[in-house]
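No value in this document is a laboratory result; all are computed from the given coordinates. Here the structure is a predicted model, which is why all the values come from computation and not from measurement. Neighbour counts run over all protein chains shown; Cβ positions are idealised from the backbone, glycine included.
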Amino acid sequence: MIKPSDRLHELKDLLNEYSYSYHVLDRPSVSDAVYDSLFQELKQLEATHPDLIMTDSPTQRVGNELKGGFQKVTHSSRMLSLNDVFDRSEVEAWVVRMDKALPGKKHEFFADIKMDGLACALIYQDGVFVQAVTRGDSYIGEDVTANVRTIKNVPLRLRSKEGYEFLLEGRTEIRGEIVMLKKDFDALNDRQAKAGKPLFANPRNLAAGTIRQLDPKLVSERPLSFRAYDILRQSNDDIPTNMFAYEALSAIGVSRNQQASVFTELNDVMMFVDEWDAKRHDLPFNTDGLVIKLNDRQQFSALGVVGKQPRAAVAYKYAAEQATTIVKDIVISLGRTGAATPVAVFDPVVVAGTTVQHASLHNADEIARLDVRVGDTVVIFKAGDIIPQVESVVKELRRDNTKPFDYEQALKQQYPELQFERQAGEAVYRVKGATGELLLKKGLEHYASRSALDIDTLGEKNVTALVDAGLVKDLADIYALTIEQVLALDRFAAISARKLIDAIHDKRQPALERFVYGLGIRHVGTQTAIDLTKTFPSLELLRDATMDQLLAINGVGKVVAESIVAWFSDEDNQSMLDKFGRLGVKPLMTKTSRDLDGIAIVVTGSLESLSRDEVAELVRQKGGTFQSSVGKDTTYLVSGGKVGASKLAKANKYGTQIIDEAALLKLLGK
């Protein structure tokens, strides 16, 4: 009779072989039913003999949920980025610079498709997968080992092949991109649509967002893939060329692009560039260009690094894709420095694989140069396949009734209580009499206020101290504060510094409606924030909301919708929201009961048992609406002490039911 340990080894090795054939070679060798049956047998054996479980067992891909977020890890060497080039002349100039630095050297060029994914380093010790680290800031990344283990084409143990056995000894680092293939992304969105759930925007964002989930079980449910582009060893002599690295990757069972090629002539490189420009849409993953670098690794190292970019490699970016759409509105965003930035809002359009619905018009001069008008058909493109911009107006399709955009009139209409000025020699209008620091202080006080995130000890004086010291440059920066930084300020001792930091950290998972209100979006009060989050139950969905979707919400009119779209389209605000995410701030949708659904309540006079703010909070928690004044849609007017005569008169006029405090408490379940 076979020993359990022997059977377990046999099953593990065979299942890993089947997985390699299926996920790396794309040549399934057995049916799913056979694989599943053997997998179940292995699981049962391991359950009976837990002491025999090995780290490279296929059952060990999905681990437990992480507590406390991702740990920081210092890279063995920097994960560099590449300089972008956009045409042949820039590639030729790059070659000339290398020739000057390495005179008399003959170059071999290595070229491969540039993948649009999340850069990640996989570390193997003696052939066994032990760690995965994201790029981060190129020096320090995050440990995402538990999540990367769930990616089925990531080998938990490297394969042994003659001539490459040395890669199974000591430390081997494999760098590559985590991607979601187009077919897998489309299939996932089909499932989302059938389930009535919102669709994901694009494969890259979904892959990056997925790998930063704290629960590996969720990651395992999404079809991610890993494609390698480099191998690092302690001895540089182990990997003489970049093509050798690719051949080694295939030998040890790691997926990599099959299109990579080596050329001796620049003309051949450019033919390769042109070939994949025409064929890139047929690739299984999204791309925005090619990577071109020296094949010889000694030459590569000898040329060194400038800033974050190696001299021996460039990223050739294909021309940005274009699309046409119709401008529905031009709204003006008020940034954190007081600068007024115009934003074109248009019908959603897909450009370079992503859906965009607004683009910065930069300033009044740019609007005048383009002569963009509401109702115009415009050409949208993405600079570097990232930032959407208006390239031109298709004036042949302009309607006769359109008018040139009056920038100063729009400022008066959208911000009637503010004054703007444009300094001589500047293109930007700014709020008159308001500095960026003043606006930031007011914004941070609002964010920390009781009705927003209610951050204890972060009042006016502490806000002023933090901003004046340069420790906080936007709302998100408070989550990066350390006790040491705060202690350096005159106002703080050890206890007060700790109290402030703890109070801020306690609000890393705020209620979504409080977070949205705390952002200080113009015209978005507490009730509007609640209404928005009922329709858009995540920050990501609200960021992508269209003007039409916003206008469909009861109580949201054109002015409010314009303000919301303008705020979320502002590049500074977008960067700040991304920073919130990097710092671990995750707003959560509050679960409310529906006991008071459709009920609107107004309080007049003073109550004995609850403050007005407490009533408002309780009403909203139960799905009701708390109003400041009586209207036609008010259900109940709560009459306390010192009743307001005008509210009673309105209640009688509209037939609103008047109740006392006891009846209110009964409604609230108190």
With label points set 7 Å from each Cα along the Cα-to-Cβ direction at Lys442 and Val95, the distance between them in nm comes to 5.8 nm
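Assigning unit charges at the beta carbon (Lys, Arg +1; Asp, Glu -1) and nothing else, what dipole magnitude in debye, to the nearest 20, does the chain show about its Cα centre?
Numbers: 85 positive and 93 negative charges, 343 e Å.
Charge dipole, the chain, about its Cα centre: 1640 debye, nearest 20.
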Inter-part gap, Cα centre of segment 391-437 to Cα centre of segment 136-157, in whole angstrom, is 47 Å
Computed on Cα atoms, the radius of gyration and Dmax of segment 322-431 in angstrom are 14.2, 41
Along the dipole axis of the chain (charges at Cβ: +1 for Lys and Arg, -1 for Asp and Glu; origin at the Cα centre), the most positive-end residue among Ile239, Pro50, Val603 is Val603
If each part is reduced to its alpha-carbon centroid, segment 566-636 and segment 541-559 end up apart, in Å, by 17 Å
Karplus-derived 3J(HN,Hα) from phi for segment 405-410 (6.51 cos²θ - 1.76 cosθ + 1.60, θ = phi - 60°), whole Hz, x at Gly and Pro, runs 6, 8, 5, 5, 5, 5
Once the dipole of the chain is set up from charges on Cβ (+1 Lys and Arg, -1 Asp and Glu), the residue from the list Phe492, Ala101, Val305 lying farthest towards its positive end is Phe492
Rounded to whole angstroms and listed largest first, the alpha-carbon spread of segment 149-270 along its three principal axes comes to 54, 40, 21
Calc'd 3J(HN,Hα), segment 360-369, phi into Karplus 6.51 cos²θ - 1.76 cosθ + 1.60 (θ = phi - 60°), Hz, glycine/Pro = x, comes to 5, 9, 6, 6, 4, 5, 5, 4, 5, 4
With 0.36 nm assigned to each residue of separation and the Cα-Cα distance removed, Glu421 to Leu583 gains 54.8 nm
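For a 26 Å ceiling on Cα separation, which of these pairs sit above it: Lys197/Lys586; Lys197/Lys622; Lys43/Lys194? Can you show the working numbers first?
Values: Lys197/Lys586 20 Å; Lys197/Lys622 24 Å; Lys43/Lys194 32 Å.
In this structure, Lys43/Lys194 exceed 26 Å between Cα atoms.
What fraction of the DSSP beta bridges in segment 600-667 is antiparallel, stated in percent and rounded to the nearest 5? Working shown, then result.
Numbers: 1 of 11 bridges.
So the antiparallel bridges in segment 600-667 amount to around 10 percent.
From the square roots a ≥ b ≥ c of the eigenvalues of the alpha-carbon gyration tensor of segment 83-317, which class results: rounded (a/c under 1.5), prolate (a/b over b/c), or oblate?
Working: a/c = 2.01, a/b = 1.33, b/c = 1.51.
Here segment 83-317 falls in the oblate category.
Listing Ser392, Ser606, Ser360 from the residue with the fewest other Cβ atoms within 10 Å to the one with the most, what is the order?
Values: Ser392 15, Ser606 12, Ser360 18.
Fewest-to-most Cβ neighbours within 10 Å comes out as Ser606, Ser392, Ser360.
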Placing +1 on each Lys and Arg Cβ and -1 on each Asp and Glu Cβ in the chain, then taking the dipole about the Cα centre, the residue among Pro28, Val560, Val327 whose Cα reaches farthest towards the positive end is Val560
Segment 213-343: spread of alpha-carbon positions along the three principal axes, whole Å, largest first, is 58, 46, 36
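Can you tell me the length gained on complete extension of the stretch Glu571 to Asp454, counting 0.36 nm per residue apart and subtracting the Cα distance?
Working: separation 117, 0.36 × 117 = 42.12 nm, distance 2.67 nm.
Length gained between Glu571 and Asp454: 39.5 nm.
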Length gained if Asp268 through Lys558 is fully extended, taking 0.36 nm per residue and subtracting the Cα-Cα distance, is 98.8 nm
Taking alpha-carbon centroids only, segment 191-268 lies from segment 498-520 a number of Å equal to 36 Å
Other residues with Cβ under 9 Å from the Cβ of Gly117 give, with Lys and Arg +1 and Asp and Glu -1, a net charge of 0
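Give the shape of segment 368-466 as rounded, prolate or oblate, defined through the alpha-carbon gyration tensor: a ≥ b ≥ c are the square roots of its eigenvalues, a/c under 1.5 means rounded, and otherwise the shape is prolate if a/b is larger than b/c and oblate if not.
On the way: a/c = 2.67, a/b = 2.08, b/c = 1.28.
Note, shape of segment 368-466 comes out prolate.
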For 440-453, 490-503, ranked highest to lowest by mean beta-carbon neighbours within 10 Å, the order is 440-453, 490-503
A convex hull over the alpha carbons of segment 583-670 yields, per residue, a volume in Å³ of 114 Å³
antiparallel share of DSSP beta bridges within the chain, to nearest 5, in %, is 85 percent
Counting sequence-distant residues (5 or more places) and residues on other chains, those with an amide H built under 5 Å from that of Asp84 are Ala315
Within the under-12-Å Cβ sphere about Lys586, not counting Lys586, Lys/Arg +1 and Asp/Glu -1 give a net charge of +3
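Once you compute Rg and the Kirkwood Rh from C-alpha atoms, what is the Rg to Rh ratio for segment 436-582? If you can, show how the numbers build up before the last one.
Working: Rg = 16.0 Å, Rh = 16.0 Å.
That ratio equals 1.00.
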Rounded to one decimal in nm, the spacing of the 7 Å Cα→Cβ label points at Ser628 and Lys161 is 7.0 nm
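For Leu283 and Asp186, what is the calculated FRET efficiency with R₀ set at 22 Å and r taken between the beta-carbons, to the nearest 0.05? Please list the in-between numbers first.
On the way: r = 14 Å, r/R0 = 0.64.
That gives a FRET efficiency of 0.95.
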Within segment 131-199, DSSP-loop GluC sites (Glu not before Pro) with at most 10 other C-beta atoms within 10 Å are Glu162
For segment 432-444, Karplus-derived ³J(HN,Hα) couplings (6.51, -1.76, 1.60; θ = phi - 60°; whole Hz; x for glycine and proline) come out as 6, x, 10, 8, x, 5, 4, 5, 5, 4, 5, x, 6
